[in-house]
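Reviewing the structure listed below.
The values are calculated or read from the model by the stated rules, or taken from the named source; none is laboratory data. Model, not experiment: these values are computed from the prediction. Every residue, glycine among them, receives a Cβ derived from its backbone with ideal geometry; neighbour counts consider all protein chains shown.
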Amino acid sequence: MNTEEKEYQKLSKMGQSLGVIIPECFLEIEVKLTSGEVCSHYKQRSHSWVRNAYNLMMTQLGAINASDVTFGAGLMSEKKVDSGILGMANQMVLDQPLNVETDPTGYRSASGNAGYGIVVGSSIQAESFENSILITPIANGVGAGQLSYNLAEVPVKSYDVPSLTYSVAHVRYINNNSGGNVLVNEVALIARGVSYGPFLMSRDHLLATVTIPSTGQLKVTYTISLVYPA
Amino acid sequence: MDYIETRSTEKKFKELRELGQKLGIPIFESFIEFEVTMPNGEIVHHHKQRSHSWVRNAYNLMMSQLGGINGVDLTFGAGLINYKITNGNIAHAPNIMSITGGDVEGIYDDGYRGPAGDAARGIIVGSSIQAESFEDYMLITPIISGTGAGQLHYQEGVVPTKSYDIPSKTYSAVHVRYMNNNSAGNVLVNEIALVSSYYCVVSRDHIGSTITIPSTGQLKVTYTISLVYPA
């Protein structure tokens, strides 16, 4: 176990002991060929809740509005993927009070939609807390450099009794029907935001370029966990 | 003002805060301040402590919002996502959970802003000395609003104030409520809760030591909820 992973685990245990909420997030990448061969498969921590995610949590648990009209340090607002700044006389919500598991809302994106949910891109630019969109999103389609985004899976929820950890896994399959390789370097989790438009919650620069050969299928799994004190 | 947390507790929280900031994990902190003032301006009690006690409802709220899942389970407890509201009922729906989702600052009975005379929402206090439990969903012995013996008159929750500390990159929301003792005798306070307008307790604390509010005295409670940002 590397030093950073030890620190994550220490943080988790300390949070549990002190009664502080510690959300964790993992990202799993798997590429399969039509033959069933797995040509790439790895898992990493998602390190990168962005400012929107922090603001969402602060407005929810702190019970305040996200009413600032500019975005940045010390301000409570939402930056949408179109770069518009949304200040509202309301709390931020991941989505309106909707069914975020079975309807295409929340993180559960519709088929062919690369505008929200789990989406991928090709940029190798490092992560930034100020990210509000993928740097170079890969569009939905069958043209060169494009991928076909499936309807996201219904999230799978689980609870691990020994560690008191509740987890939800969001999965999306993305197919390469382009005729050539498609290179993926960044992954994002984008909330749909039915009323105001999509906003980025997390963006990760992948540890290494993931090549999706023609006819290959990329499976992305985001697992978000919370360790409960009891 | 007395700050009653021990040095070793503060050291742990400092380490937690710094580690969370380094790893990009949001770390919430919460503090409660109690001040009792007499009509002549004399302060007869003033202390501050950490709120240690986000309850299961608060964790479920965060899991639902951040995880993008519904609060749909019919029973309450470990491994289940929903709210247990103050009357003991389970609030569940095939929807994402929220504190309210509405204007939590400007409307007097939304968010944590309890309406005047309402001891069921917002910042509320009680007299029980029972220890905190993660499963708490209500005060054990709430002090109701009124002027009778053992009662307090709850004022409307103050509009929350927000601030940002640049050196520590910490954003804070401050919720305040005043409660007056218009009864003829002392009122003893031992527990406190933060309750949303959906009648959902997110935090209950057993107070470090009994707070006595003399007749005609006023209790001011200040909840400060903070989040340390990485940048």
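Yes/no per residue for (1) more than 7 Å from every other protein chain (Cβ to nearest Cβ); (2) more than 30 Å from B:Asn180 (Cβ to Cβ); (3) within 22 Å of the chain's Cα centre (by Cα):
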position	(1), (2), (3)
B:Glu5	yes, no, yes
B:Lys11	yes, yes, no
B:Glu33	yes, no, yes
B:Val44	yes, no, no
B:Ser53	no, no, yes
B:Gln65	no, yes, yes
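Hey, could you check segment B:98-115 for residues that are at the interface with chain A (Cβ under 7 Å from one of its Cβ atoms) and modelled with pLDDT of 85 or more and say which is farthest from the chain's Cα centre (by Cα)?
Out of the qualifying residues, it is B:Asp103.
Name the residues in segment B:163-207 that are of a type in the set (Asp, Glu) and either farther than 21 Å from B:Ile143 by Cβ or free of Cβ contacts under 8 Å to residues at least 40 places away in the same chain (or both), would you?
B:Asp165
When segment A:205-225 is examined, which residues are found to be under 23 Å from B:Gly67 (Cα atoms), crowded, with 22+ Cβ neighbours inside 10 Å and out of contact with any Cys (no Cβ under 8 Å at 6 or more places or on another chain)?
Passing the criteria: A:Leu218, A:Val220.
What's the number of the condition B:Ala91 fails, among (1) over 24 Å from A:Ala169 (Cα atoms); (2) touching a residue at least 40 places away in the same chain (Cβ under 8 Å)?
Of the numbered conditions (1) over 24 Å from A:Ala169 (Cα atoms); (2) touching a residue at least 40 places away in the same chain (Cβ under 8 Å), the odd one out for B:Ala91 is (1).
Here are B:Asn87, B:Asn95, B:Asn82: which of them is away from chain A (no Cβ under 14 Å), more than 24 Å from B:Asn186 (Cα to Cα) and more than 15 Å from the chain's Cα centre (by Cα)?
Values: B:Asn95 fails: away from chain A (no Cβ under 14 Å); B:Asn82 fails: away from chain A (no Cβ under 14 Å).
Going through B:Asn87, B:Asn95, B:Asn82 in turn, just one is away from chain A (no Cβ under 14 Å), more than 24 Å from B:Asn186 (Cα to Cα) and more than 15 Å from the chain's Cα centre (by Cα): B:Asn87.
What is the one condition in (1) under 18 Å from the mean Cα position of the chain (by Cα); (2) facing chain A (nearest Cβ under 7 Å); (3) touching a residue at least 40 places away in the same chain (Cβ under 8 Å) that B:Ile123 does not satisfy?
Checking B:Ile123 against (1) under 18 Å from the mean Cα position of the chain (by Cα); (2) facing chain A (nearest Cβ under 7 Å); (3) touching a residue at least 40 places away in the same chain (Cβ under 8 Å), the one that fails is (2).
Among (1) surrounded by 14 or more Cβ atoms within 10 Å (Cβ to Cβ); (2) charged (D, E, K, R); (3) within 9 Å of another protein chain (Cβ to nearest Cβ), there is one condition A:Lys79 misses while meeting the rest; what is its number?
Tallying (1) surrounded by 14 or more Cβ atoms within 10 Å (Cβ to Cβ); (2) charged (D, E, K, R); (3) within 9 Å of another protein chain (Cβ to nearest Cβ), A:Lys79 fails exactly one: (3).
Taking A:Leu56 as meeting all but one of (1) assigned to a loop (DSSP other than H, G, I, E, B); (2) in contact (Cβ under 8 Å) with a residue 40 or more places away in the chain; (3) under 28 Å from B:Asp103 (Cα atoms); (4) at the interface with chain B (Cβ under 8 Å from one of its Cβ atoms), write down the number of the exception.
Condition (1) is where A:Leu56 drops out.
Step by step: first the residues of segment A:27-40, then only those that are in a strand (DSSP E or B) and surrounded by 12 or more Cβ atoms within 10 Å (Cβ to Cβ), then the one that is nearest to the chain's Cα centre (by Cα). Which residue is that? Reasoning before the result, please.
Within segment A:27-40, the first condition is being in a strand (DSSP E or B), and the residues that meet it are A:27-32, A:38-40.
Narrowing the set further to residues that are surrounded by 12 or more Cβ atoms within 10 Å (Cβ to Cβ) leaves A:27-32, A:39-40.
Values: A:Leu27: 8, A:Glu28: 11, A:Ile29: 13, A:Glu30: 16, A:Val31: 18, A:Lys32: 21, A:Cys39: 23, A:Ser40: 20 Å.
Step by step, filter segment A:27-40, then rank; the result is A:Leu27.
Just a yes or no: is a residue in segment B:123-132 under 29 Å from B:Val187 (Cβ atoms), of a type in the set (Asp, Glu) and either in contact with a helix residue (DSSP H, G or I) (Cβ under 6 Å, 6 or more places away or on another chain) or buried (at least 20 other Cβ atoms within 10 Å of the Cβ) (or both)?
no
Just the residues that are within 7 Å of another protein chain (Cβ to nearest Cβ) and either touching a residue at least 12 places away in the same chain (Cβ under 8 Å) or in contact with a helix residue (DSSP H, G or I) (Cβ under 9 Å, 6 or more places away or on another chain) (or both), please, taken from segment A:97-107.
Matches in segment A:97-107: A:Leu98, A:Val100, A:Glu101, A:Gly106, A:Tyr107.
Take residues that are of a type in the set (A, V, I, L, M) and tell me which of the strands (runs of 3 or more DSSP E) falling wholly in segment B:156-229 contain 3 or more.
Once the strands (runs of 3 or more DSSP E) in segment B:156-229 are filtered for at least 3 residues that are of a type in the set (A, V, I, L, M), what remains is B:170-180, B:187-195, B:201-213, B:218-228.
If we keep just the residues of segment A:44-67 that are farther than 17 Å from B:Gly68 by Cα and more than 14 Å from the chain's Cα centre (by Cα), which is surrounded by the fewest Cβ atoms within 10 Å (Cβ to Cβ)?
Top of the filtered list is A:Ser67.
For the subset of segment B:207-231 comprising residues that are over 24 Å from B:Val158 (Cβ atoms) and within 14 Å of another protein chain (Cβ to nearest Cβ), which member is surrounded by the fewest Cβ atoms within 10 Å (Cβ to Cβ)?
If we take residues in segment B:207-231 being over 24 Å from B:Val158 (Cβ atoms) and within 14 Å of another protein chain (Cβ to nearest Cβ), then B:Ala231 is surrounded by the fewest Cβ atoms within 10 Å (Cβ to Cβ).
Restricting segment B:184-200 to residues that are closer than 21 Å to B:Thr161 by Cα and at pLDDT 95 or above, which is surrounded by the most Cβ atoms within 10 Å (Cβ to Cβ)? Break it down into steps so the answer makes sense when it comes.
Initial filter on segment B:184-200 (closer than 21 Å to B:Thr161 by Cα): B:192-197.
This time we only want the ones that are at pLDDT 95 or above, so: B:192-195.
Details: B:Ile192: 23, B:Ala193: 24, B:Leu194: 30, B:Val195: 27.
Looking at residues that are closer than 21 Å to B:Thr161 by Cα and at pLDDT 95 or above, I get B:Leu194.
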